[in-house]
Every structure is written in C-alpha cells, then in structure tokens.
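Student: Before we start, here is the structure in question, set down as structure tokens.
The values are calculated or read from the model by the stated rules, or taken from the named source; none is laboratory data. Values in this document were obtained by computation on a predicted structure and should not be read as measured data. Because the Cβ atoms are built from the backbone with ideal geometry, glycine has one as well, and the counts that use them run over all protein chains shown.
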Amino acid sequence: MRHVISSGQYTRQSLEEIFELADKIVNKPEKYSKSLDGKVVSIMFYEPSTRTRLSFESAVQRLGGTIISTENAKVYSSAAKGETLEDTIKVISGYCDAIVIRHNEDDSSERASKVSSVPIINAGAGKKEHPTQSLLDLYTIKQQKGRLDNIKLAVLGDLLYGRTIHSLVKLISLYDNISVYGLSKKEFALPQKYIDYMNERNVSYTICSSFDEIPSDVDVLYHTRTQYERFDGNTGREEFIINKEVLNKFSKETILLHPLPRNEEISTDVDEDPRALFFKQAHNGVPVRMAILLQCLDKSF
Ligand code: NCD
C-alpha cells in the first residue's frame, strides 16, 4: 500500500513522477476531473490548519472524489472519549479509500499506517514531518528555478520545531551539489540528526548568525514562524525579520518561500516583490496534492 509518511521515502524518480503528474493536471485539469469517482477520502485533523486541509479537500473534489471528515478531531472525534488513534483508524479505514491525517504526535502517521487498511497520508505529524508540504515546496523551487540540483537553500526561523523544515531538508538531500544555510535563534537551531542526514548525503550545512552570513546569491530563502504551540514559555521578539531592506540585500534571482501562516518574520512590505512567492507556493498545494492522491490510490496515468 502506498502510504505517505516521510520525505525520506522518496527517490528522485518518484518525485519526478509526482511533479510530472502535477504539471499534467495543471495543463489539462478536465482529464482528471473524474479520476476519483466513487472514492471517499477521510480528512482527520487533530490540529488547526487552513492550507493543508482546504487544499486536500479541494484536491479530492477536483478529482471527483468525496470527503468524510470530522471538525477538529481532537475535540469532536472519539479521541475526546479516550479512544486510541489505532482504534479510530481501524474503524474509519473501513469507511473510506484513503486517510489524510494531521496529528500533534510525532509518530502518529507511522502508528496509523500500521493498523490502516487504506493508504495514510501524513498532513503534519507533531514537530517531526510534513512531507506533502515539502513536495509542494520542491515543486515550487523546480517551477521557479528549472532545476533541483545545484541549489543554495537558506532555512530560517524555527528549525527546531518546524516540521516543514525537517521534511524539506530531507527531500532536497536527494539532489546534487546542494548547500543549506540555517539562520535561527540559538534555541531554535536545527537538531543534529537532520544535519547528519544531510551530511551523509553530501549536503553541506552552514550555521549562520546573521543575514550577512547567507550568500547574497542564495537561490531560496525559506522562512518559518515560531511554532509556539509546541512549547511553554516566551521566546521574545522575532530576531530575523525579512522586510524590503533585507530582501534587497539578496540577488534578483533569490526567491522567498514560507509554508504559511506567517507571523512577523516576513513583513508585508515584501508582498509585491516578484521574488515573494509564498502565496503561489500555497496554491501549488492543490495540483501537487492531487498528484499525491492519484498515486496513493493507484490512479496515476
Ligand atoms: C505548517 C505546519 O502546519 O507545519 N503549515 C502548513 O501546513 N502550511 C507551518 C506552520 O504551521 O507554521
């Protein structure tokens, strides 16, 4: 069964298949409008979401499938009555053809996949991974740069709790001649295991302490918000804010991405800059998730 659990499960070839399918969907959406006819997809979100949830729902419906879901699964599903994730998944996998799940626990998707009779798609697991986000991030980079080899990527913000970062650095490690730069407050540094993962795949990782230490010709600036919901305590002001002045230190070719939602780490004065592509990135979520769903349900062609 084709589960989507971790970015680590992909190869260059399997990514290429998804990106090609996403391109085909963009170019000829009508060809795919009935591909999931008769299929039911369950959307189980135990944490808040705007983009991931709605783009998955849009993706299912644009493919002609239907959705079953529960509003705020943590509060309104039987989790509130003490049911284990395993029991919930065993039950709902009998109601549908695939389950898209977002959960606060790091190993939630693995656990779900062990008991599910239908494909599990990880739509965000605790602080660990968010593979479908990193697929659309890479799709956006490829769309803008025309390549995924020879990329200089700077990751910024909450590198400790940011699951989109963890999935992204794993995925980009599939490519050749990749340099990654990290800029965060010290207490939000990237965990060593992700640095090791990159180094084992010949990706260099450089810890920066200011914007000036990121090369001005970096291809991608990927910022993230502090994941306040994952820890107690106050972290004080955002230290690394990208505003017009900061963005202008970088090349005309540097693109600015963010998984969204943003807080103060990217100021709105960059929104009209053609390099600020985070809204386009969010929109790419629909065709990429359509391609992911088709693959999981063996309907890709
Ligand atoms: C991200 C997430 O949920 O991890 N959001 C998203 O899916 N686009 C990032 C975040 O919440 O900061």
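Student: Cβ contacts < 8 Å: first residue on the phi < 0 side of the Ramachandran plot, restricted to the range 12-31; second residue outside any helix (DSSP H, G or I) and surrounded by 15 or more Cβ atoms within 10 Å (Cβ to Cβ), any location; separation 6+ or different chain. Result?
Tutor: Listed by first residue and then by second, the contacts come to 12/174; 12/175; 15/174; 17/300; 21/300; 22/284.
Student: Of all residues in the range 262-284, which are touching an Asp or Glu at 6+ places or on another chain (Cβ under 8 Å) and buried (at least 22 other Cβ atoms within 10 Å of the Cβ)?
Tutor: 281
Student: Identify all residues within the range 229-265 that are of a type in the set (Asp, Glu), within 16 Å of the ligand (Cβ to nearest atom) and part of a loop (DSSP other than H, G, I, E, B); write none if there are none. Write out each step before concluding.
Tutor: From the range 229-265, those of a type in the set (Asp, Glu) are 229, 232, 238-239, 245, 253, 264-265; that's our starting set.
Applying the additional criterion that residues be within 16 Å of the ligand (Cβ to nearest atom) yields 229, 238, 264-265.
If the condition is that a residue be of a type in the set (Asp, Glu), within 16 Å of the ligand (Cβ to nearest atom) and part of a loop (DSSP other than H, G, I, E, B), then 238, 264, 265 are the ones that fit.
Student: Between a residue in the range 242-264 that is of a type in the set (Lys, Arg) and any residue that is within 15 Å of the ligand (Cβ to nearest atom), which pairs come within a Cβ distance under 8 Å, given they are 6 or more apart or on different chains?
Tutor: Listed by first residue and then by second, the contacts come to 262/223; 262/225; 262/278.
Student: May I pose another question? Within the group 191, 287, which residue is free of Cβ contacts under 8 Å to residues at least 40 places away in the same chain, surrounded by 12 or more Cβ atoms within 10 Å (Cβ to Cβ) and closer than 30 Å to residue 2 by Cα?
Tutor: Working: 287 fails: free of Cβ contacts under 8 Å to residues at least 40 places away in the same chain.
After applying the criteria, what remains is 191.
Student: Of all the helices (runs of 4 or more DSSP H) wholly in the range 113-228, which have at least 2 residues that are under 25 Å from residue 279 (Cβ atoms) and at pLDDT 95 or above?
Tutor: Here the list reads 131-145, 163-172.
Student: State the number of residues belonging to the range 279-301 that are closer than 15 Å to residue 140 by Cα and touching a Gly at 6+ places or on another chain (Cβ under 9 Å).
Tutor: 0
Student: Continuing with the same structure: Sort out which residues of the range 98-135 are farther than 26 Å from residue 160 by Cβ and crowded, with 19+ Cβ neighbours inside 10 Å, and write them in order of number.
Tutor: Once the filter is applied, which keeps residues that are farther than 26 Å from residue 160 by Cβ and crowded, with 19+ Cβ neighbours inside 10 Å, the range 98-135 yields 98, 99, 116, 118, 119.
Student: Go through the range 42-60 and report how many residues are more than 11 Å from the ligand (Cβ to nearest atom) and either part of a helix (DSSP H, G or I) or not aromatic (Phe, Trp, Tyr) (or both).
Tutor: Adding up the residues that qualify gives 7.
Student: Cβ-Cβ distance below 9 Å, separation of 6 or more or different chains: which pairs start in the range 146-161 with a residue that is outside the structural domain of residue 215 (by TED's automatic domain parsing) and end on one that is within 16 Å of the ligand (Cβ to nearest atom) and acidic (Asp, Glu)?
Tutor: That search, which allows pairs on different chains as well, returns nothing.
Student: Continuing with this model, one more query. Among the residues of the range 67-78 satisfying the criterion of being part of a helix (DSSP H, G or I) and more than 16 Å from residue 125 (Cα to Cα), which is modelled with the lowest pLDDT?
Tutor: 76
Student: So, residue 181, is that one away from the ligand (no atom under 16 Å from the Cβ) and of a type in the set (Ser, Thr, Tyr) or not?
Tutor: yes
Student: What number of residues within the range 209-232 satisfy the criterion of being of a type outside the set (Ser, Thr, Tyr) and either within 15 Å of residue 160 (Cα to Cα) or not assigned by TED's automatic domain parsing to the domain that holds residue 177 (or both)?
Tutor: Counting residues in the range 209-232 that are of a type outside the set (Ser, Thr, Tyr) and either within 15 Å of residue 160 (Cα to Cα) or not assigned by TED's automatic domain parsing to the domain that holds residue 177 (or both) gives 7.
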